[in-house]
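The values are calculated or read from the model by the stated rules, or taken from the named source; none is laboratory data. What you see is a predicted model; the values in this text were computed from it and never measured. Note: ideal-geometry Cβ built from the backbone for every residue, glycine included; neighbour counts use all protein chains shown.
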Amino acid sequence: MPKPPPPKRPDDLLCDSAVAVTVLARQRLASAHYDYDQYRFTHRGPTGHSSEQSRTVLQVGGVAAVLTIDLPRDEIVLLRQFRLPAHLATGRGEMVEIVAGGVEAGEDPAQAARRECIEEIGIAPDRLVPLFQFMAAPGVDHELATVFLGTVDGSRLPASAGAASEREETLPFRVPIDAALAALADGSFVNGYTIIALQWLALNRHRLAEIVGAAGR
């Protein structure tokens, strides 16, 4: 029986780490907007025991998201967009969202973030500051989101936006940061990107000018 590894230190326990994985086979189950694959692999668990397993993975890939803020006006720019899965799950398909979209071939996350701002809220950010990364549903797909803080001039916001090539319709809007954080506390929306970004904002609001200024130096 394999000998279990030594106990991890608290700092190690609080950090994602690499593990021993060998992919034995990969089978394409479906191909549409996203590919859907089944993997067969061996994995060495925390006790040191190796086992063969099978899992399906939705191939989403990289996503760039932007928390767009008008600092002089103390406002945040959000958007409303219809999502069929939200309609099926909650009956409230028009979601409150931050800017977000897939990183396309040949783009880095910052380039994708700027493009998505233009497409979804109709204006480009004056400055983009990388904040953090997260995975929305690591048990289902390998979507990895890179979240940016984007400074914008909210007075230039159009009444509607969206990428025509994707038949996308978005309704961008601006609200005071206080109103957005109050809606977060009330549970007014369930979009994970929006919730995570606004939780970051609630924790770091007092540092926004410092964060943006430091990125410009």
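Things worth noting here:
- Subset of the stretch 113-127 that is more than 17 Å from the chain's Cα centre (by Cα) and farther than 19 Å from Val96 by Cβ - its residue that is surrounded by the fewest Cβ atoms within 10 Å (Cβ to Cβ): Asp126
- Among the numbered conditions (1) without any contact (Cβ under 8 Å) to a residue 24 or more places away in the chain; (2) within 22 Å of Pro125 (Cβ to Cβ), the only one that Ala32 does not meet is (2).
- Yes/no for Asp12 being at pLDDT below 95, among the acidic types (Asp, Glu) and out of contact with any Phe, Trp or Tyr (no Cβ under 8 Å at 6 or more places or on another chain): yes
Condition check ((1) surrounded by fewer than 21 Cβ atoms within 10 Å (Cβ to Cβ); (2) of a type outside the set (Ser, Thr, Tyr); (3) at pLDDT 95 or above; (4) closer than 19 Å to Asn204 by Cα) across all residues:
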| residue | (1), (2), (3), (4) |
| --- | --- |
| Arg92 | yes, yes, yes, no |
| Ala105 | yes, yes, no, no |
| Gln111 | yes, yes, yes, no |
| Val129 | yes, yes, yes, yes |
| Pro138 | yes, yes, no, no |
| Val147 | no, yes, yes, yes |
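- Restricted to the stretch 149-176, and to residues there that are polar (S, T, N, Q) and out of contact with any helix residue (DSSP H, G or I) (no Cβ under 7 Å at 6 or more places or on another chain), the residue that is modelled with the highest pLDDT is Ser155.
- Of all residues in the stretch 141-156, those being more than 15 Å from the chain's Cα centre (by Cα) and aliphatic (A, V, I, L, M) number 1.
- Residue satisfying all of: in the stretch 45-80; among the charged types (D, E, K, R) and part of a strand (DSSP E or B); farthest from Arg114 (Cα to Cα) among these: Glu52
- Of the residues examined, Thr42 is not one that is hydroxyl-bearing (Ser, Thr, Tyr), assigned to a loop (DSSP other than H, G, I, E, B) and free of Cβ contacts under 8 Å to residues at least 60 places away in the same chain.
- In the stretch 56-108, the residues that are of a type in the set (D, E, K, R) and under 26 Å from Glu210 (Cα atoms): Asp70, Arg73, Asp74, Glu75, Glu97, Asp108
- Selection within the stretch 100-116 - out of contact with any Phe, Trp or Tyr (no Cβ under 9 Å at 6 or more places or on another chain) and either closer than 21 Å to Leu184 by Cβ or acidic (Asp, Glu) (or both): Glu104, Glu107, Asp108, Glu116
- Only one entry in Val103, Val96, Val60, Val66 is touching a Ser or Thr at 6+ places or on another chain (Cβ under 6 Å) and closer than 30 Å to Ser165 by Cβ, namely Val96.
- Exactly one residue out of Val66, Val77, Val60 is modelled with pLDDT under 95 and of a type in the set (A, V, I, L, M): that is Val60.
- You will find that of Ala209, Ala179, the residue that is modelled with pLDDT of 95 or more, aliphatic (A, V, I, L, M), in the same structural domain as Ala113 (by TED's automatic domain parsing) and farther than 26 Å from Met135 by Cα is Ala179 and no other.
- Matching entry among Arg44, Arg92 (being among the basic types (Lys, Arg) and touching a strand residue (DSSP E or B) at 6+ places or on another chain (Cβ under 6 Å)): Arg44
- Scanning the stretch 8-26 for residues that are exposed (fewer than 11 other Cβ atoms within 10 Å of the Cβ) and either aromatic (Phe, Trp, Tyr) or within 12 Å of Arg55 (Cα to Cα) (or both) yields Val23, Ala25.
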